[in-house]
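For reference, the structure discussed in these notes is given below.
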Amino acid sequence: MKRLEGKVVIVTGSDRGIGKGIAICLAKEGCKVVVNSYKESEEARKTVEEIKKSGSDAIFIKANVTREIDVRDLVEKTIKKFEKLDILVNNAGILVSGTVTTLTEKDWDRQMDVNLKGVFLCTKYAVQQMLKQGKGGRIINVSSIAGLVGFPGISAYCASKGGVTELTREVALDYAKYGITVNAINPGVIVTDMTKGMLDDNTTRKMLMENTPVGRFGQPEDIGNAAVFLALDESSFITGHNLVVDGGWTAR
């Protein structure tokens, strides 16, 4: 039997990259998956198809995580289709480059809206549903090692992920007594569309590799496997934790 057979999960920003990797890993363990993005796309359709081929059920729901009405709709449609919600993975995120002297107010707000406000809104409605069900649940936030250590040139991104890191701890304390665990995954360098520009630059790629002790960059399934662990019943005594998956970057 699959370890998460029959569980229902929403994975935000799961049409590609880390989100897709998480969605597929959870589906392989038996989860019914709500694939989400702020827009309909061929990538989203293919992700749903891939999940169905693995033997699990999946649907796509369009929702912008920065809009409360969209997030409420996302959870309501999930319940209408699958009748419950067991797991939420807050993965949707963007990276806006710039230092505090070069970032515009618009840049800052856009970064915070997606990476931090989106986590707040999705968590709010998922927890409300889990409390209504009365059987606990799992919230898994995708943060970053940039939420634990500084990185030059991405001030707003670091601040947003630092916020996710601390929000994870706080929400864990609020809802532990209800059987809802709240944890974060802090990825290092993962090969995705978001990191393509950095990895295509030979100088940057060399620097990033030199700072990753295991000698390779991560793949989306590395984060997906961590999400599976945090979703299992066996991890029920773990909450408020930031699970670093970075190939040893922050151990240096």
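The values are calculated or read from the model by the stated rules, or taken from the named source; none is laboratory data. Everything quoted here is computed from the prediction, not taken from an experiment. No Cβ is skipped: glycine too gets one built from the backbone with ideal geometry, and neighbour counts run over all protein chains shown. We work out accessible area using only protein heavy atoms, side chains counted, and drop any ligands, DNA or RNA first. Shrake-Rupley method; radii C 1.70, N 1.55, O 1.52, S 1.80 Å.
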*asked:* Only four residue types carry charge here, +1 at the Cβ of Lys and Arg and -1 at the Cβ of Asp and Glu. Report the dipole size of the chain about the Cα centre in Debye, rounded to the nearest 20.
replied: 500
*Using the heavy atoms of the protein chains and a 1.4 angstrom probe, tell me the accessible area per residue for segment 96-252 in square angstrom.*
50
*What's the lysine pair count for segment 69-188 at a Cα cut-off below 16 Å, pairs eight or more apart or interchain?*
11
*Can you tell me the relative contact order of the chain? Whole percent, Cα pairs under 8 Å, sequence separation 6 or more.*
20
_Placing one identical point scatterer on every Cα of segment 1-126 and ignoring solvent, what is log10 I(q)/I(0) from the Debye formula at q = 0.13, 0.20 Å⁻¹?_
-0.51, -1.04
*Would you please put 143-155, 20-32 in order of how densely packed they are, using the mean number of other Cβ atoms within 10 angstrom per residue and starting with the highest?*
20-32, 143-155
_ALA58 long-range amide H proximity, modeled H, under 5 Å_ = VAL33
*Work out the length of the dipole vector of segment 27-137 about its Cα centre, built from +1 on the beta-carbon of each Lys and Arg and -1 on the beta-carbon of each Asp and Glu, and round it to the nearest 20 debye.*
400
*Two-decimal log10 I(q)/I(0) for segment 37-94, as the Debye equation yields it once each C-alpha is a single scatterer, q = 0.13, 0.20, 0.25 Å⁻¹*: -0.36, -0.87, -1.27
*Taking the dipole about the Cα centre of segment 108-173, with the C-beta of Lys and Arg at +1 and of Asp and Glu at -1, give me whichever of PHE151, GLN111, LEU167 is farthest to the positive side.*
LEU167
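Would you please calculate the Kirkwood hydrodynamic radius of segment 147-252 over all C-alpha pairs and express it in Å, rounded to one decimal?
With all distinct Cα pairs of segment 147-252 included, I get 15.1 Å.
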*Of all the accessible heavy-atom surface of the chain, with the other protein chains kept in place and a 1.4 Å probe, what percent is carbon and sulfur?*
52
_Distance between the C-alpha centers of segment 195-232 and segment 1-72? Whole Å please._
22
*Whichever lysines have a C-alpha closer than 24 Å to that of LYS206, once near sequence neighbours (fewer than 8 apart) are set aside*: LYS196
*In deg cm²/dmol and to the nearest 500, what is the mean residue ellipticity at 222 nm of the chain if only DSSP H runs of at least 4 residues count, each as -39500 (n - 2.57), divided by the residue total?*
-14000 deg cm²/dmol
*Between ASP107 and ALA176, what length comes free when the chain is fully extended (0.36 nm per residue of separation minus the Cα-Cα distance, one decimal in nm)?*
21.4 nm
*Please report, in cubic angstrom per residue, the volume enclosed by the convex hull of the alpha-carbon atoms of the chain.*
125
